[in-house]
Amino acid sequence: MLHSYTFCVAAEARLSHTAAMILQAIGAGYAYGFSLMEATGLPSGTVYPAMRRLERDDLIRSQWEKQSIADAEQRPPRKYYRLTALGRATLEASRKRYPLLVRLVPDRETESV
Amino acid sequence: MMTRVYLAILWAGARIVRERERAEWLAEWQTELWYAMQGGDHRRSMSFCLGSLRDALWKRRNSGAYWREGSILAIANGPGFPDPPAIECTHLLESPFRCLALLGVLAAVAIFLSLVVPTPAVFPDLPGFPTSGGRFFVTFLPACAVFWPIAAFTSDMVGGEYPRHRNWLRRWCFCVAKVVLLWVIVAFTTWSLVRFSVALHIVLGGDFMAMRWAMMDQRRRCPTCLRILDKPVRMGSRSRILLEWSGTELLCLRGHGVMHVPESPAIWFTKQRWMSLS
């Protein structure tokens, strides 16, 4: 428990604003690379390495979509990213550190409404 | 047409990524490219593809420790298996590219020095020695023809037992490149030093040592990735040569195999032997 807390604090402390934006976007429901680019407005050369770092630090986890789903929608399969428990905790901490984060990348549901 | 350019950029990026991660990396970027091209904005698609190169470089630099790359510890990739500490080679010339780059720099310095140092009219301590560069190299080449086979023979470079490997051409190309660069270094350094009346036989001794180093360096490299073998482990005892093998085992840190170097040659184990684990 203490180890988890320490790791969370350490991870939050080294999270840049860009990384926090991407984490916020994933938490908001933008689940694959290109949608993250559109949501954050960041270039691909920034978004993808940041996602690799987040995945390396166990803040997000990736999973390929099933081919059958992609075939049904006539598009290539996506690689989806989702938050881990540690990622959620870090996102909460980042929202306190960067209060405008939620406004910069609103939830998909909020945006559609 | 533009699609081909985009795919070529992604392909170039995939060459940067390590082989074991390449297929997935390329699949992800090709998938994302499909979405990027939906808007029909070529400038945006091009910018998107160029970003892949930055991602590839990041991936290359941060692709994990060496233990993940080979099959030697593939079992450790299983879930729940504790991560072993990363093994890092601290050898300066571990990488073949770094080795050739260093030799190339030294060769350039040697050529530069030979051009800068003024040539005297006569060599007072070396009567009859050629004073022109062309004649010098004509004299130098036969000396190499004598010394280098001796160096190669005493170093026993070709004495190791290597199974037929698909990288044999690359291995020999590396060896030839190394020898050529060493020849340039030694030849031009010699040409510079004899102008300062340095005894020629000492310089030719350096030539012998350089060639011997090249051979020994070649023997100590992994035949697959050409990186320096490391982490030597002493095995067995010399006094029990009849009962068990004794010598040193060197490991390829990328998991391609193990080199067995006998301490004293036996009938059944005369030369160093490579055991491939790939």
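Annotations for the structure displayed:
- Among the helices (runs of 4 or more DSSP H) confined to segment A:24-99, the ones with at least 2 residues that are hydrophobic (A, V, I, L, M, F, W, C) and more than 22 Å from residue B:49 (Cα to Cα) are located at A:67-72, A:85-97.
- Pairing residues of segment A:81-109 that are closer than 16 Å to residue A:60 by Cα with residues that are surrounded by fewer than 19 Cβ atoms within 10 Å (Cβ to Cβ) and hydroxyl-bearing (Ser, Thr, Tyr), at Cβ distances under 7 Å and at least 6 apart in sequence or on separate chains, gives A:81/A:62.
- Residue pairs whose Cβ atoms lie under 9 Å apart, sitting 6 or more positions apart in sequence or on different chains, and linking a residue in segment A:35-51 that is at the interface with another protein chain (Cβ under 7 Å from one of its Cβ atoms) to a partner that is part of a loop (DSSP other than H, G, I, E, B), are A:49/B:62.
- Residue that is modelled with the highest pLDDT, among those in segment B:46-68 that are at the interface with chain A (Cβ under 10 Å from one of its Cβ atoms) and part of a loop (DSSP other than H, G, I, E, B): B:62
- Of everything in segment A:89-109 that is of a type outside the set (A, V, I, L, M) and within 25 Å of residue B:32 (Cα to Cα), the residue that is modelled with the lowest pLDDT is A:109.
- Residue match in segment A:29-46 (condition: among the charged types (D, E, K, R), buried (at least 19 other Cβ atoms within 10 Å of the Cβ) and either more than 10 Å from the chain's Cα centre (by Cα) or closer than 23 Å to residue B:63 by Cβ (or both)): no
- Complete set of residues in segment B:3-41 that are at positive phi and under 28 Å from the mean Cα position of the chain (by Cα): none
The values are calculated or read from the model by the stated rules, or taken from the named source; none is laboratory data. Predicted, not measured: the structure shown is a model, and the values here were computed from it. Positions of Cβ are backbone-derived with ideal geometry, glycine not excepted, and every protein chain shown enters the neighbour counts.
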